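The structure under discussion appears below in the form of structure tokens.
Quick note: the coordinates plus some simple rules give every number you see, no bench work behind them. Predicted model, so just to flag it, every value in this text is computed and none were measured. Note: ideal-geometry Cβ built from the backbone for every residue, glycine included; neighbour counts use all protein chains shown.
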Amino acid sequence: MKLEGKSVFGGIAIGKCKVYGKKESFVKRNKVVDTASEIKRFSQAKEQAKGQLAQLYEKALKEVGEANAMIFEVHQMMLDDLDYVESITNMISTQGINAEFAVAATGDNFAEMFAAMDDDYMRERAADVKDISNRVISILQGDQNQGDLGKEPVILLADDLAPSETVQLDKSKVLSFVTRHGSTNSHTAILARTMNIPALIGVDFHEDADGQIGIVDGKQGIFIIDPSEEEIAHYSKLKKQDEDRARLLQELKGQESVTKDGKAIQLYANIGGVGDVASVLANDAGGIGLFRSEFLYLESSDYPTEEQQFKAYRTVAENMAGKKVIIRTLDIGADKQVDYFGLDKEENPAMGYRAIRICLDRKEIFKTQLRAIYRASYYGKIAVMFPMVISVDEVLQAKEMCQQVKEELKAEGVPYSQVELGVMIETPAAVMISDLLAKEVDFFSIGTNDLTQYTLAIDRQNPKLDDIYDSHHEAVLRMIQMVVDNGHKEGCWVGICGELGADISLTETFLQMGIDELSVSPSMILPVRDQIRKSGALR
Ligand code: PEP
Ligand code: MG
């Protein structure tokens, strides 16, 4: 069966499909006669859940450190809590009901009890007790663990994927993303590009696809379920051609990103975390132009500490061995929600309480991050930039915080190095006052994803508007030119770190505009370098 969707990232994937289910588990109440074996069924499911949690603990320990892994230990202990277990077994034996229902009812009761407590820590346990109960129910219902994608890499089918869900996936097991919803400018789309895997959105697949062989043609927007032998042969050939082209591009490794008439441009990579550095190095990027630091927060079940962040930034800086690493300070809010921030639901989250607005309001969070960044600066070449800026005052406040942090570290005898400061230009306001902002910082990095959304008044998350989200819009291009000119007048270098930077049909235009840096997904470094080397005719 052939379905159509919208391309997020090109390439061909052939493999088994797995439907990533978020469907609410419906728990039916059934009568059981043999309550003893129902209790045994519950005990076995509980043990299996503990086994899953132990594995998750080990995985998290390696990937995100002990403090973040702890939650999986806590969940194991909660599953053995006497009151919890007794409540379930009593319900089964006295009411003669099925284990699923007893677990669901106990989970709800305990969660309500925790939620009503007069203690923040205990209130937070409400979500945990629901979580462990859902895990046991899934096992009782014979569902697979959703985070666990199995042994073989799969084509992942989902309704939609939130950034907090994608961070939990084992990326080495994903051949491609195919979603029903989502938009080409969403962070899941960005993740697919970072991972260099084909991805489609707007595909109306049926759940039956689970377990079947599928083919994703990321370029043409085609998804085939249960393909014929001819189709497999055809797409295997295309896949091989793609791989051959990728091999050809490998020859550009070690070459300079310089135009035919000799202008060198900085070609950097965008990352979401420490795990992406390997592909940055493999693709020979000149540095990191956008480290989306909020992914450290998304991966965590509580505020990442200064020490945890310091370790992450230091690891990236050290691995980049003296090449520039630009850390974008926390850009939480809008589509990147983190439960423990306790942010209110907003009518217009993209225009709401997010990014620098949160950091300047909840300064303790900002300070922790800046301390970690400055401490890490000693181990490499770190720069910092602030997201969603709309005024000079915000930049002055952020700079003041940096100054405070430096003074504190100095007083404590903690070493740090010089850190370049920059502003992300991603609001029309920042563009229009870029002449003033340029006096305050060392560089500008244009975030075309948000800049396009705010300039064209088009929600980047709304798939209905994908067709008119025109990133080549003259308004956006004029803004980029204006920012370059205003930046250069004050001695600021100017780069682009939004997705548009990787659009090779515009590379020559950007060069003519005087752009100094392009920061793109690691997988786009070599294609963009290829394009730069073919370009010339500078103004
Ligand atoms: C942008 O807005 O262009 C950008 C780079 O930031 P993000 O996509 O993370 O919002
Ligand atoms: Mg942005």
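Modelled spin-label separation between residue 258 and residue 363, with each label point placed 7 Å from Cα along the Cα-to-Cβ direction: 4.8 nm. Computed over region 402-539, the Cα gyration tensor eigenvalues convert (square root of 5λ each) into semi-axes of 29, 19, 16 Å, ordered from largest to smallest. With the Kirkwood sum run over all distinct C-alpha pairs, region 269-309 has a hydrodynamic radius of 11.1 Å.
Ranking 90, 369, 27 by Cα position along the charge dipole of the chain, where only Lys, Arg, Asp and Glu carry charges on their C-beta atoms, puts 369 farthest toward the positive end. With contacts taken as Cα pairs under 8 Å at a separation of at least 6 residues, region 308-427 carries a relative contact order of 32 percent. Three principal axis extents describe the C-alpha atoms of region 464-539; from largest down they are 40, 27, 22 Å. Under the combined filter of DSSP loop state and at most 15 neighbouring Cβ atoms within 10 Å, region 302-409 retains these GluC sites (Glu not before Pro): 346, 347. Restricting attention to region 193-348, the count of lysine pairs at 8 or more positions apart or across chains with alpha carbons under 21 Å apart stands at 12.
Under 5 Å from the amide H of residue 383 lie the amide H atoms of 325, 326, 327, each residue being 5 or more positions distant or on a separate chain, with H modelled from the backbone and absent for Pro and chain starts.
Taking other residues whose beta carbon is less than 15 angstrom from the beta carbon of residue 374, and scoring Lys, Arg as +1 and Asp, Glu as -1, yields +2. In order along region 265-282, the phi-based Karplus estimate (6.51 cos²θ - 1.76 cosθ + 1.60, θ = phi - 60°) of 3J(HN,Hα) comes to 10, 7, 10, 10, 10, 9, 9, x, x, 4, x, 7, 5, 4, 6, 5, 6, 4 Hz; Gly and Pro are listed as x.
Cα centroids of region 255-269 and region 170-233: 33 Å apart.
Taking the empirical scaling 2.2 N^0.38 Å for compact globular proteins as reference, region 421-494 has a Cα radius of gyration ratio of 1.13.
Label sites at residue 173 and residue 533, each approximated as a point 7 angstrom past Cα along Cα to Cβ, lie 3.9 nm apart. Derived from the Cα gyration tensor, the three semi-axes of the equivalent ellipsoid of region 356-459 are 27, 13, 12 Å, largest first.
The mean sequence separation of alpha-carbon pairs under 8 Å and at least six residues apart, normalised by the residue count of the chain, gives a relative contact order of 15 percent. The Cα atoms of region 322-406 cover 42, 25, 21 Å along the three principal axes, with the biggest extent listed first.
Taking every DSSP helix (H) stretch of at least 4 residues in the chain, weighting each as -39,500 (n - 2.57) and dividing the sum by the residue count yields a mean residue ellipticity at 222 nm of -14500 deg cm²/dmol. Among the trypsin sites (Lys or Arg not before Pro) within region 329-368, those in coil by DSSP and having at most 11 neighbouring Cβ atoms inside 10 Å are 345.
If R0 equals 22 Å, the separation of the Cβ atoms of residue 73 and residue 341 corresponds to a calculated FRET efficiency of about 0.40. Sorted from longest to shortest, the spans of the Cα atoms of region 302-348 along the three principal axes equal 44, 21, 10 Å. For the chain, what log10 I(q)/I(0) values come out of the Debye formula at q = 0.07 1/Å, with one point per alpha carbon and no solvent? Taken in order of the listed q values, log10 I(q)/I(0) reads -0.45. Global size of region 174-220: 10.7, 29 Å for Rg and Dmax (C-alpha atoms, Rg to one decimal, Dmax whole). Computed from label points 7 Å out along Cα-Cβ, the spacing between residue 220 and residue 246 is 2.0 nm. Computed over all pairs of different Cα atoms, the Kirkwood value for the hydrodynamic radius of region 261-365 is 15.1 Å.
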